[in-house]
Amino acid sequence: MIAVLTGDIINSKDHKANKWLPILKQALSRYGEVPSDWEIYRGDSFQLRTTPEQALEAAIYLKASIKQVRHLDVRIAIGLGEQDYQAEKITESNGTAFVRSGTCFENLKKQTLALQSDNEAFDTPLNLMLQLACLTMDNWLPAASQIVKVSLEHPEANQKELAALLDKSQSTISEALLRAGFDEVQKMMHFYTTQLTLV
């Protein structure tokens, strides 16, 4: 089983590409190689193949990365399933994971993050959690987004170590992570991985 993320940049036309494209490429590179694992197409759309275990973290990492630029955000759909055909380019590969990711993406209306597998008992509670999480994540400001991004890059680091990495005070880190709901986001990510056995 694999996970496919299909996404695009919200409000990309209001910003020069050189402000967000390098950030997007850096974030996608964390999870694989171009063009076999990820690709950017149609200007501001992207697709990423990763493991089901990493899929939600990757989506949140992409969100935290892009939201470092004020007024930008991402819309991401996660499809869980099989890969029947592997091409040199991910955008030409195929399988149920790709189909579900595409269908899920087309159904994203006001929500910026959702997932689809072949199990409704897995999808329904997690999509509700994602919807609630997005009430906070969609409002992350650039400073908090940067701290969330670095926290995801250094999961073992405590707040003191994060403060040293970012050259900020520990209280700034603590307040930003609290405002970002990072503790709850981590709990959701953990819950997601424990539920993957259902899929």
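A short reminder: the numbers here are calculations on the coordinates, not readings from a lab. Note that the coordinates shown come from a computational prediction; the quantities given were computed from them, not determined experimentally. Methodologically, a virtual Cβ is constructed for each residue, glycine included, from the backbone with ideal geometry; neighbour enumeration extends over all protein chains shown.
Both numbers refer to the Cα atoms of the stretch 1-93; Rg and Dmax are 12.6, 39 Å. Using the Cβ-Cβ distance between Ala87 and Gln170 with R0 = 45 Å, the FRET efficiency computed as 1/(1 + (r/R0)^6) comes to roughly 0.40.
Cross-linked pairs Lys25/Lys67; Lys89/Lys110; Lys25/Lys89: Cα-Cα separations exceed 19 Å for Lys89/Lys110. Would you mind checking the stretch 141-157 for residues with the amide N under 11 Å from a putative spin-label position 7 Å along Cα→C-beta of Leu178? Within reach of a label on Leu178, which here means backbone N under 11 Å from a point 7 Å along Cα→Cβ, the stretch 141-157 contributes nothing. Among rounded, prolate and oblate, which fits the stretch 114-163 when a ≥ b ≥ c are the square roots of the eigenvalues of its C-alpha gyration tensor, a/c under 1.5 means rounded, and a/b larger than b/c means prolate? Prolate, because a/c is 1.5 or more and a/b exceeds b/c. Rounded to the nearest 500, the helix-only mean residue ellipticity at 222 nm of the chain stands at -16000 deg cm²/dmol, with each DSSP H run of n ≥ 4 adding -39,500 (n - 2.57).
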